[in-house]
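Colleague: Mind having a look at this structure? Questions to follow.
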Amino acid sequence: MPGLINKENRGALPLSVSDISSCVRGYTLALTASMTYENIEDHAIEGIFIYPLEENSIVVGFEAMISSQIITLQIKDKAKIDDCYLDCCARYFPRELFKNLLFPLLTGHIVMDEDFERTVLVVNLGIIPPMETVHILVSTSSELSTLPSGGIRVSSPPVCTPRVQRSINEEQGLSPNFSRTPHDQTPNTPQLWLALLLEEEAINSMDYEFNFQLEIRAPYLLAGVESPSHAIRADADPLARSATSIVITLADKYTYDYPVVILIYPSEPHVPHVLIENGDMTQEEYDEYLHSRSDFIKATKKDSSNERKVNIIHKRLHKDILHNPVVMLNFCPDLKSICSDLRKVHGEFIFLIDRSGSMSGVNINRVKDAMVVNLKSLVPGCVFNVVGFGSTFKSLFTTSQSYEEDALAIACEYVRKIRADMGGTNILAPLTWILRQPLISGHPRLLFLLTDGAVSNTGKIIDLVRSHARYIRCFTFGIGQNACRRLVQGLATVSKGTAEFLADGERLQPKMIKSLKKTMSPVLSDISIEWLFPETKEVLLSPVGNTFLFPGDSLIGYSVVCDATRYHDNPKSDKRRRYSMMRSVESASSVFYHSQEEDPVKTAGDNLGSHREGLDKTSPRRRAYSTNQISDYNPAKKVYTPSDSSSVVVKNPLRRAKVQELIGQMSPEYDAQWRNDYQVSFNSNSFLFSLLINKYVRGQCLCRAETPQDTHAAHLDAANQHKGDCKAVVSGLLCGKPMKWEVVFDIEPFLNGREREEKVHEELWNETFHHLAGRSIINDFEHMADKECEIEHGSGRKYQLYGIHTSKACNILSKYTAFVPIDLDTNEYLQTCIEYLNPGKLALSRTRLLTRAAKGFMCRSHSKSGDSIGESDNENKDYIPLVLLQLACGAFPLDAALCDAINVPMDKLKWTSPFTSHRTSLGHLSHSKTYHMVWATAVALAWLEHSSANYFIEWELVAAKASMWLSEQDIPEGRDLASVKAAANQLFIILRHWDENLQLNMLCYNPNSV
C-alpha cells in the first residue's frame, strides 16, 4: 500500500491526480511523476510518503507542497543527521535538553534496513491540515532491462497507477485491504510494518485523473513500439528523417486496472551503441569553478605546473561528474539465436543448503532427492561445491572442484548423509564466504539456495548480493509455508535469477531442474570494456570488474571524460590512451581504474587521493518538474547531433517554484500546439515502423559498430563509416570462444558544455546518464571499501569518503548518506522519522567473519542416521536409485547395482544385449568395459522412458548427458547407436506383459534441444 500514508492509522490518502512524463534514451529511463493526494479527514494528520523503486532506479528529485509549504530533500551524512536537528532546535531548547530528552522521543518510527534504503523512498511530510491537498513530484533515473529479443520494457510505477476499488468507507479514506494493527503491537514491530505495507497492493478509493506520456529518443531506428496492457497513440514529427524519436500517449481513457507497459523494439537490437550527454559547464566555467576549489588551491600553491593541475583534475573527477560529458555504452548481445550445447556449458555451481533444525523431517529428505538429481544433471566442464548452513556453515570442498568422477562420488555421499542438525538459520556468513571466493575464468558463478525459514537481517543479505550482482546469479527455492518470501524473491531479483516456492507436498526436483536448464543457456562470460581516448582526456570508468550475460541480459558501461588539453604543453592529437576495467576484482588493493598509454612511453598513475572538502556544504535537492508544467516546452524543436538526438539538453536551475508550476496541468493552448507539432499519429496497441524509412539515415548514427570478430562476421555498410577519435571495445568469451565488438565515436562535440541560450528552456532529463554513472561509481567505491576493510589494508575509509563525495556532488544516495527533508520556507530540517539499521559510519577495523567461519570448512562428521536418500510413501522417487549410478561423464556401469535399480537380472540383460560378446559370456564380465557401459547406458535410458515417464522433466538433463556420451562412442561389433537403443527398448517390452492398449511415450532428451 505505497503512496501517501496516515502515520497514525497507516491508512492511505486517496489519490486524485496522477501524471507521468518520461523519456527513454538507450537503456535508460528518466521519469517524473506528479501526484495529488487529498486529506479528506476533518482533522490534521501526520503524513508519510512511501515510493517503492524498481531495481536499478534512483531518486534524483523530490518536491512536495502542502498549502504554501514546500518540502524538498537534501543529502546528508548519516553520522551527521542528528546534528542537523540539534542545530535547528537549539534556538528553541537548550541543546543538551533536546539531545537527551526530546530527540529520542521523535526518532525511530520507521526502521529502514540496507535493502529498503536502496529500493524505497520514505519522506516524512509532517502535519497535513484537514481537507488539504498535497502535491508531490518525484523524479527518477533508471537502467532498463532488456528482453531476449533485444527489446526494452518500460512500465509505470504502481504507486502512480493504483487499482480503483470502490467498496470502501470513503469518509475514512482507508484502502480496502487495510487492516488496523492493534495499538499495543505497533511499537513492538517497527521493522515489520514497512515491509507489510509494501506487500499490500496499491489501491485507491476513488477514480483519479491520469495522464501518461513517454518520449522515445533512440540512437537507432525503431522497428516497433507496442503495449500489451493498453491501447496507445504514437505521434511522430512529420519532418523527421527517420523513425528514431516518437511520443507515446494512451489512446483511450485509463481504466484503473493495470500499470501501463510499453515494449520498444530497436531495428538493430544486438548492435552496441554509444550515447553521450553533455556536462553542465563550458570549459571556461569549469576552469573558474576548479580554481575556486580548496583542494585545487592548496595543491597548486607550491607547484602550479600544468602536470600538477592535470593530476588534480584527475583526482577529483568523481566530484565533478555533473560538470563533464558522460559516455554510456549499451549492448545486448544476440545469445538467443545460439543453439545450446551441453558440451560447451561452463559454470561454477554452488548449492547452499539450509540444514537448520526447522528443515528436519520431510523437508531435508526432499532436498536430498533433489540434490542427487541436480548433481547428476551437471556436465563435464563445470565446477561445483556444496555448502550446508545453520548457525554455522560447512563447505564440502575448500574451493569449487572440477566435475569429475571422484568429486561427484564424494558429493553424492555427502548429500546422502546430511541432516538438519546445524541449529538456527544464518545465511549471511556462508553467503559472504562464497562471494569472497576467487572467480574462475570462463565459469559464471551460479548459486542455488534452498531454505525453509526466515532471518532477522534480510535487508543486509539482499544488499550484499546486490553489491556483487555483476559476479553472481542466484536461483532461490523457498520450501514450505514459513519461507521468507522477501528473502527468496529479493535475492533472485537483485541478481537476475529466478525464485521458486514449494508448497507442502510439492516436488522440488522439477523446479530445480527448471532453474538448472536456464543456466545451461549460451553465456557470454569474462566481459570487459576497454575505452580509447586521446591522451589529453582524463577519464573515470564504471563499473569496475568483468561480468557475464545470459540471453536477454544487457551491458551498460560509463565513462566520465574531462578535456585537459589546455593543460598539456605539447598535446598530440593522434596519440591515444587505453583505459580498461579491472579484469580481476580479487586484489582489493588495486586502484579504482588504471590507464595505459597505447604507445609504451609511460604509465599514468591513477590512485585517487583523499579529500575532505565539501562534506557539509551541500545544496538542497534539484527541483523535479513534469513536462506539462513547463509552458515553453516544445518537444518538436530538439537539437540533433550526429550521435544522439537528445544529447544537447539543458539543466534545471535551482530556484523556488511558483504555485502554478506545482499544480498546473496541461493548458488547452499547449495541448493544441503539441498536437499540431506531432501530426503523424497512430492509435493501436502496436505501432510498427517500416525499416525502409530513409535508409540513407543509417550513416547519420552515432557510432560505427563492428560485429564480432570471427570468420563469419559480416562487413559493415560503407555508410556506417563514421570518423571518431574514441573507441569502446567489448570483449568476452562466448561458450569459451573469444569474441570482440567495437564502437567508434567522437567526443569533441560534447566537450564545451551546453549552450547558454538552451539553458533558458529548462528541458528535463538532461542529466540521466550523469546520475546513473554517479550511482555506478558510488557502488564501485562501496564495493572497494568493503574489500579493503576485510583485508585490513587501512584504505577502506578512503573509498568510503570517495563514496560520500560522489553522493553529495551528484545528489545520489549511497550507503553512507541519507535523504533529509527540508522546509524551503524556513530552511529548517524536518524529522525523518526513520531509523537506519546501517548507521553508515566509516569502518576502521576488519571483520572477524572469516575467522569464525573457517572452523566449519572441510567438515566430514556426517550423521550416522542420515545415511540414505529421503524416503516417501509414494513411488515418485523410483528413478533416483538409478540416477545415483550415473558417472560424471554420463555413462552407466553394467553391474549388480544397475540390475537392482531396474529390477532386471544380469543374465536377462546379457541375453537381450545386441553384442555377441555379452551373450557368449553369461557367467562373467571380462570383455571391454566400453561394451558394458554402452549397453548399460542404453538400458538405463530405456528404463527411464518406460518406467518413469511421468517425471521426464526431472531426469531430462540426466538423460541428455547420457545420450551425449553415447553419441561420442564408437559402437563395437559394427553396430550403430539406433540398433542399440532399439534393443534396449525391446528388452522392457519383452519383460512386460503385452497390452494391446500400451502406448510408448518416446521422450525427447536431445542434448541439442535441452
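The values are calculated or read from the model by the stated rules, or taken from the named source; none is laboratory data. Computed from a prediction, not measured in an experiment: that's the story for all the values here. Here the Cβ positions follow ideal geometry from the backbone for every residue, glycine too, while neighbour counts run over all protein chains shown. To get the accessible areas, we keep the full protein, side chains included, count just its heavy atoms, and leave off ligands, DNA and RNA. Shrake-Rupley method; radii C 1.70, N 1.55, O 1.52, S 1.80 Å.
Colleague: Keeping all protein chains in position, work out how much accessible area LEU144 exposes to a 1.4 Å probe, and write it in Å² to the nearest 10.
Modeller: We get 20 Å² for LEU144.
Colleague: For the range 111-166, report the translational diffusion coefficient in µm²/s to the nearest whole number, using Stokes-Einstein at 20 °C, 1.002 mPa s, and a Kirkwood Rh over Cα pairs.
Modeller: Numbers: Rh = 15.5 Å.
D, rounded to a whole number, is 138 µm²/s.
Colleague: In addition: Quick check: from the Cα gyration tensor, does the range 346-520 come out rounded (a/c under 1.5), prolate or oblate?
Modeller: rounded
Colleague: Please work out the FRET efficiency for the pair ALA982 and ASP504, using the Cβ-Cβ distance as r and a Förster radius of 51 Å; give the result to the nearest 0.05.
Modeller: Values: r = 43 Å, r/R0 = 0.84.
In this case the efficiency is close to 0.75.
Colleague: Leaving out ligands, DNA and RNA, and with a 1.4 Å probe, what % of the accessible surface on the range 346-520 is carbon or sulfur?
Modeller: Values: 2610 of 5210 Å².
Carbon and sulfur: 50 percent of the exposed surface of the range 346-520.
Colleague: Would you grab the residues whose amide H sits under 5 Å from the one on ASP452? Only those 5+ places off in sequence or on another chain, please, with H modelled 1.01 Å from N.
Modeller: Amide H neighbours of ASP452, under 5 Å, 5+ apart: ILE479.
Colleague: Largest first, what is the accessible-area ranking of GLU201, GLU132, GLU288, GLU945 with a 1.4 Å probe?
Modeller: Values: GLU201 85, GLU132 45, GLU288 140, GLU945 20 Å².
Heavy-atom accessible area, descending, gives GLU288, GLU201, GLU132, GLU945.
Colleague: Using the beta-carbon distance between HIS291 and SER456 and R0 = 56 Å, what value does 1/(1 + (r/R0)^6) give for FRET efficiency, to the nearest 0.05? Could the numbers behind the result be given before it?
Modeller: Values: r = 52 Å, r/R0 = 0.92.
The computed FRET efficiency comes out at 0.60.
Colleague: Taking the Cα centre of each part, how many Å lie between the range 481-525 and the range 937-992?
Modeller: About 30 Å separates the Cα centre of the range 481-525 from the one of the range 937-992.
Colleague: For the range 47-83 and the range 4-31, what is the separation of their Cα centres, given in Å?
Modeller: A separation of 13 Å, based on Cα centres.
Colleague: Hey, can you find the accessible area per residue of the range 346-520 for me, probe 1.4 Å, expressed in square angstrom?
Modeller: Details: 5210 Å² over 175 residues.
With all protein chains present, the range 346-520 gives 30 Å² per residue.
Colleague: Residue by residue through the range 825-834, what is 3J(HN,Hα) from phi via Karplus (6.51 cos²θ - 1.76 cosθ + 1.60, θ = phi - 60°)? Round to whole Hz and write x for glycine and proline.
Modeller: Couplings: 6, 9, 6, 10, 7, 9, 5, 7, 6, 10 Hz.
Colleague: Right, here's the next one. Anything over 30 Å Cα to Cα? Flag those among LYS511/LYS908; LYS460/LYS798; LYS315/LYS787; LYS315/LYS727; LYS309/LYS808, in the order listed. Display every interim value, and only then the final one.
Modeller: Working: LYS511/LYS908 36 Å; LYS460/LYS798 22 Å; LYS315/LYS787 21 Å; LYS315/LYS727 23 Å; LYS309/LYS808 23 Å.
Table pairs above 30 Å Cα-Cα are LYS511/LYS908.
Colleague: At R0 = 51 Å, how high is the FRET efficiency between MET206 and ARG470 if r is their beta carbon distance? Nearest 0.05 is fine. Mind showing how you got there, number by number?
Modeller: Values: r = 44 Å, r/R0 = 0.87.
That gives a FRET efficiency of 0.70.
Colleague: So if I take the centroid of the Cα atoms in the range 234-277 and the same for the range 304-356, what is the distance between those two points in Å?
Modeller: 27 Å
Colleague: Around GLU835, which amide H atoms from residues at least 5 apart in sequence, or from another chain, sit under 5 Å from its own amide H, with H modelled in the peptide plane?
Modeller: GLY108, HIS109, ILE110, VAL111, MET112
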